[in-house]
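These notes concern the structure reproduced below.
The values are calculated or read from the model by the stated rules, or taken from the named source; none is laboratory data. Note that the structure is predicted; figures quoted are calculated from it, not measured. Cβ: placed from backbone, ideal geometry, glycine included. Neighbour counts: every protein chain shown. These area figures cover heavy atoms from the full protein model, side chains too; ligands, DNA and RNA do not enter into them. Shrake-Rupley method; radii C 1.70, N 1.55, O 1.52, S 1.80 Å.
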Amino acid sequence: MSSVEYGGGDAGLLGPGWSGSPAASATGDRAWLRALLDAEAALTRAQAALGQAPAGAATAATEAADPDRFDVGALAERGRGGGNPVIPLVAELTKAVGAEYGPYVHRGATSQDIMDTATMLVAARTLDLVLADLGRTAQALSRLAAEHRDTPMPGRTLTQHAVPTTFGLKAAGWRSLVLDARDRVARVRESLPAQLGGAAGTLAAFGAYGAEHPEELPAAYARELGLCVPPLPWHTLRTPVADLAGCLAFTAGALGKAAADVLILSRTEIGEVSEGSGGGSSAMPHKANPVRATLVAAAARRAPQLAAVLYGSMAAEDERPAGAWHAEWEPLRDLLRTVGGAARDAAELAEGLRVHPEAMLRNLGLTNGLIVSERLSAGLAPVLGRARAKELLTELARRTHTEHRTLRELLAEEPGLKDVDLDDLTDPARYTGSAGVLTDRALERR
């Protein structure tokens, strides 16, 4: 049985939203193994850099920390004994380093130091991929917003037509959320810290092994890994994990907003947008399902619950917790995968989205002109008086339904409106307010 088959979760059979994505590779068992080995090797190098270990130990540990030399499945099985995979990994890595330098492997560290640091490495590598896809999404939405700056469409509130808006403004709003997500992810990415504290967060073991200033070691360790220097060991101070949970859940929700809109607008009876390459149906050959939007929407529903587990794990007792830390690993990986896959799908969705202005224009007429009743209330008040204008529009709104005639036709029959430019007042395309200006303003953001 291969290591991929052993875990049962890396192939993504039930995870089409992340299967095959860059995030899937970045969070798989081998990626986590690589991060654990990177963390172990970096610790020996950091100690050597401070004169706390021979240079040869750093070289030997780095050379031995090759993922291809280790069996992920065997490590997973043996990890049950101690409750984490670091314990058997240290034993295997120590043997691989050899008798001379083996004693310098993992020296002074605790399993949580390595696991937490590896988690930050996996998160950093995955967030870099997410940021790239968010950049693609924002760029594609920028093009859509600019191209359709003045493309009128129905604005909908509480599921009903409200007043006209533009597709450019809608796309600019999607982009704004994507940029909000990008900024949050970037801040968290730049703040991910290494973890080093020893058994109870005091660095005592490093002093016992001869380090004169053990407090200098976390900074050297972080430099080796390209992570931030932790102000304190954070074994039970789980801000880094909570920050990850927050930015990832927000990103899923931000992308989910655009997906939700696409799902509505691509309904057969609306047809205002469509995915560039829709998915097929197993039973209905005519269908082109909005699959990318569907998978992004699914991610938006999953992410908050995964983040909730990570937030719940903040209440971690003592100096090292039992259960709270262990509960983080799988939901955090699921969250990274879920959001990484959603970011990929959102980029493909935005880059391939087809906009159908003719359908938008058709749908603007579904209410027989009532979509501009707000404008008419304001425009007719100076001519008829406010009370009469309201009374007339209420009556004509009823008649548009009962007589199946447009509001423009009914208004033209009113004697007091002969000198009013009804074409202008009843044209939905001329009642999009400041949508164009707001779109331009939104697109200034970089």
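Things worth noting here:
- Residue under evaluation Arg399, criteria (1) in contact (Cβ under 8 Å) with a residue 12 or more places away in the chain; (2) of a type outside the set (Phe, Trp, Tyr); (3) assigned to a helix (DSSP H, G or I), criterion not met: (1)
- Restricting the range 410-428 to residues that are under 49 Å from the mean Cα position of the chain (by Cα) and surrounded by 15 or more Cβ atoms within 10 Å (Cβ to Cβ), the residue that is farthest from Thr165 (Cα to Cα): Leu422
- Matching option when the condition is closer than 30 Å to Arg143 by Cβ, touching a helix residue (DSSP H, G or I) at 6+ places or on another chain (Cβ under 7 Å) and open to solvent by less than 30 Å² (accessible area, probe 1.4 Å), among Ala389, Ala435, Ala397: Ala435
- Cross-chain or 6+ apart pairs with Cβ under 6 Å, the range 188-201 first and within 16 Å of Arg125 (Cβ to Cβ) and touching a residue at least 24 places away in the same chain (Cβ under 8 Å), then of a type in the set (D, E, K, R) and surrounded by fewer than 21 Cβ atoms within 10 Å (Cβ to Cβ): Val188/Asp243
- Criterion applied to Ala76, Ala24 was being assigned to a helix (DSSP H, G or I), of a type in the set (A, V, I, L, M), within 30 Å of Val291 (Cβ to Cβ) and under 31 Å from the mean Cα position of the chain (by Cα), and the one residue passing it is Ala24.
- So Arg149, is it on the phi < 0 side of the Ramachandran plot and either surrounded by fewer than 22 Cβ atoms within 10 Å (Cβ to Cβ) or in a loop (DSSP other than H, G, I, E, B) (or both): yes
- Among the residues of the range 422-432, those that are in contact with a helix residue (DSSP H, G or I) (Cβ under 7 Å, 6 or more places away or on another chain), assigned to a helix (DSSP H, G or I) and in contact (Cβ under 8 Å) with a residue 12 or more places away in the chain comprise Leu422, Leu425, Pro428.
- Against the conditions (1) without any contact (Cβ under 8 Å) to a residue 60 or more places away in the chain; (2) open to solvent by less than 40 Å² (accessible area, probe 1.4 Å), Glu212 satisfies every one except (2).
- Annotation note: of Pro321, Pro331, Pro285, the sole residue that is at pLDDT below 95 and under 30 Å from Leu36 (Cα atoms) is Pro321.
- Any hit, the range 157-175, residues being more than 24 Å from Val122 (Cα to Cα), free of Cβ contacts under 8 Å to residues at least 24 places away in the same chain and either hydrophobic (A, V, I, L, M, F, W, C) or open to solvent by less than 50 Å² (accessible area, probe 1.4 Å) (or both): yes
- Hey, Ala359 among the aliphatic types (A, V, I, L, M) and out of contact with any strand residue (DSSP E or B) (no Cβ under 9 Å at 6 or more places or on another chain) or not: no
- Count of residues meeting criterion [polar (S, T, N, Q) and either open to solvent by 30 Å² or more (accessible area, probe 1.4 Å) or outside any helix (DSSP H, G or I) (or both)] in the range 103-141: 2
- Checked against (1) under 28 Å from Arg354 (Cβ atoms); (2) open to solvent by less than 30 Å² (accessible area, probe 1.4 Å); (3) part of a helix (DSSP H, G or I), Gly271 passes all but a single condition, namely (3).
- Evaluation of Arg441 against (1) free of Cβ contacts under 8 Å to residues at least 60 places away in the same chain; (2) under 25 Å from Ser142 (Cβ atoms); (3) out of contact with any helix residue (DSSP H, G or I) (no Cβ under 9 Å at 6 or more places or on another chain) (one fails), failing number: (3)
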